[in-house]
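The values are calculated or read from the model by the stated rules, or taken from the named source; none is laboratory data. In this text, all values refer to a predicted model and were calculated from it rather than measured experimentally. Note that we place each Cβ from the backbone using ideal geometry, even for glycine, and neighbour counts take in every protein chain shown. Note: areas computed on protein heavy atoms with side chains; ligands, DNA, RNA excluded. Shrake-Rupley method; radii C 1.70, N 1.55, O 1.52, S 1.80 Å.
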2 protein chains.
Amino acid sequence: MNLDLYHVFYVTALENNFSKAATKLYITQPSVSHAIKQLEEKLGVQLFIRTSKGVAITNEGETLFEYIHKVFGLIDTAEQKISELKNLESGHVTIGGSDSTCKHYLLPYIQTFQNEFPNIQIRLQHGSTPQILDKLNNGRIDLGIVHLPINDSQIQLTEFLSISSTFVVGEKYKELANKNISLEEMLNYPIISFSETSSSRSFLNQLFLKQGLSLNPEIEVGSVELLIECAKIGMGIAFVTKELVSKELSKGELFEVYLNEKIEKRNIGLVTRKNISLSVAADKFYKHLLD
Amino acid sequence: MNLDLYHVFYVTALENNFSKAATKLYITQPSVSHAIKQLEEKLGVQLFIRTSKGVAITNEGETLFEYIHKVFGLIDTAEQKISELKNLESGHVTIGGSDSTCKHYLLPYIQTFQNEFPNIQIRLQHGSTPQILDKLNNGRIDLGIVHLPINDSQIQLTEFLSISSTFVVGEKYKELANKNISLEEMLNYPIISFSETSSSRSFLNQLFLKQGLSLNPEIEVGSVELLIECAKIGMGIAFVTKELVSKELSKGELFEVYLNEKIEKRNIGLVTRKNISLSVAADKFYKHLLD
DNA sequence: AACAGCTATAGGTGGGATCTATACCATGAA
DNA sequence: TTCATGGTATAGATCCCACCTATAGCTGTT
């Protein structure tokens, strides 16, 4: 299958003239003559009638042209599309994360990325960490943002952010903010935490478990905003990422409760599939995140 | 533009394996490797990820594949179609002629042709001789069948049939059939002829004009069938193609009126466009007619 | 008759497509 | 660990053929 013959045919059919086609193709007229002859022999039909004033396409040539015309249209479109993808003038990136990671750590990056590459569409997929890893493995998302640690041999992991956890209270329990207290003492107060399935909660559970303590929070919520509100109005001690309450702390709406032991930092990571290349757009966004 | 690269890409994308693609393409693996590399360089994007167990197509490669897949589908279809045309398994022939030429001289050929090539569609276009020549020049018909002579430098003419003209009468004017009469005498009887625009009529006009006589037929009709009927019931002397009334003559329903001079034979010709090739199907039909 | 504009043919040449051979790399089994 | 397997990349040589130049040959025009 020699496709270049079809290219010669295509241009010749447009020009109805071997010599002009040759010029357009940057080859010589005998080459066109030869190529058309080859194609005619291969297909077994005459494609052009040679006249003294150029050539005229035959009926069969016309039929062939209808198809070949589309062929080169498609190739043009394809090359155009690839060029757009390459130059980040089109394409999309699908990112998976929990609502809170997306909202608090991803959104600012998405905004600056969109300013720079307005034609790249950013899509978000919500899910828990295992769900995100699953979507990643199924090719439903390009990259994920999850709380660490994770354990999946198929996954390529890059640490992204390090966040501090702390306990905060509102005006009502302000006196706790002055002294270092132990986890055990804390159990005497109502605890506000994320719901059982969240990674924040399992981190908290682990914290108590290491002291042989069992946690049973009075209040379980599903969003950072609600958690902060609950703490503010004095419903109890809230376990929260420090970076997310810095405004409330500085305004004096919330007060930090210091533990008499150090809480380890938690890490947020970017996950991609091992051995699977990111699309140009996804790769660009990935690098954008790591800047 | 090297289209063969796309062919290598296409097969490789189907196989996800350079070596297997090479086998299918009847080339070696290094050639595939080289071709893909060339295409990647040309497009400026990576198309495949090389892994130890073959290759995996990238996102951009996938996008390209969607188009290229269609491209090769089209080429396959095109080659299929051309092959059908070539082998007379599809296609059509459009023929132009007057109703009577079509009916009396063409129809038998059409039937036998359709038996032999049932998938070739035969289309008929009706019109007067000048209209037929016009349609031919505009490419609306592949070939025409017309009464001669014609005068058109663009037209390629082949004589097809030679027909005799004669005068016939029914029972009523039977006595005329015994003697040779002159054209002048004939004017004493009602004449039945085709309408003014027909070539049969202009032939008849010429016949009289050569003798300095002017014809003014009492009855003008538009079809051979009607003309024969008029003659049969004794409305006058009909000018008619002899071959079309042979049955009536032998049955004794009509009687031939002999002129004291010889009427020239008329010719029917096949016309095609000069310098324009017939399609395979049209050419086949043309040859079928001349057999 | 000469010209202009086109295609076909002949024959020679160079570049590049393709090949062979081999390196190299990852994976899985012994 | 070592070896075998199955894949891709690279190097270098070969040789074919795609393309070129030159020219013939055809047709319609000036």
| said: Among (1) open to solvent by 10 Å² or more (accessible area, probe 1.4 Å); (2) within 14 Å of another protein chain (Cβ to nearest Cβ), there is one condition residue A:285 misses while meeting the rest; what is its number? | reply: (1)
| said: Regarding segment B:209-217, can at least one residue be identified that is touching a helix residue (DSSP H, G or I) at 6+ places or on another chain (Cβ under 6 Å) and not in a loop (DSSP other than H, G, I, E, B)? | reply: no
| remark: Those residues of segment A:80-122 which are away from chain B (no Cβ under 14 Å), within 11 Å of the chain's Cα centre (by Cα) and closer than 29 Å to residue B:40 by Cα amount to A:95, A:122
| request: Determine whether segment B:203-216 contains at least one residue that is open to solvent by 80 Å² or more (accessible area, probe 1.4 Å) and closer than 18 Å to residue B:169 by Cβ. | output: no
| query | Restricting to strands (runs of 3 or more DSSP E) lying wholly in segment B:1-104: which have 3 or more residues that are surrounded by 15 or more Cβ atoms within 10 Å (Cβ to Cβ)? | reply | B:54-57, B:92-97
| Just to be sure, is residue B:123 away from DNA strand D (no atom under 16 Å from the Cβ), open to solvent by 30 Å² or more (accessible area, probe 1.4 Å) and either modelled with pLDDT of 90 or more or not in a loop (DSSP other than H, G, I, E, B) (or both)? | yes
| query | Which number in (1) open to solvent by less than 80 Å² (accessible area, probe 1.4 Å); (2) assigned to a helix (DSSP H, G or I); (3) within 12 Å of DNA strand C (Cβ to nearest atom) marks the one condition that residue B:107 misses? | reply | (3)
| query | Just to be sure, is residue A:218 acidic (Asp, Glu), modelled with pLDDT under 90 and over 31 Å from the mean Cα position of the chain (by Cα)? | reply | yes
| note | In segment B:32-49, anything free of Cβ contacts under 8 Å to residues at least 12 places away in the same chain and near DNA strand D (Cβ under 10 Å from one of its atoms) is listed as B:34, B:37, B:40, B:49
| field | Unique residue being open to solvent by less than 20 Å² (accessible area, probe 1.4 Å) and within 14 Å of another protein chain (Cβ to nearest Cβ) when the list is A:241, A:272 | value | A:272
| task | Filter segment B:148-161 down to residues that are in a strand (DSSP E or B) and either farther than 20 Å from residue B:282 by Cα or among the charged types (D, E, K, R) (or both), then give me how many there are. | result | 1
| message | Between a residue in segment B:125-142 that is in contact (Cβ under 8 Å) with a residue 40 or more places away in the chain and within 14 Å of residue B:276 (Cβ to Cβ) and any residue that is among the hydroxyl-bearing types (Ser, Thr, Tyr) and surrounded by 16 or more Cβ atoms within 10 Å (Cβ to Cβ), which pairs come within a Cβ distance under 6 Å, given they are 6 or more apart or on different chains? | response | B:141/B:94; B:142/B:94
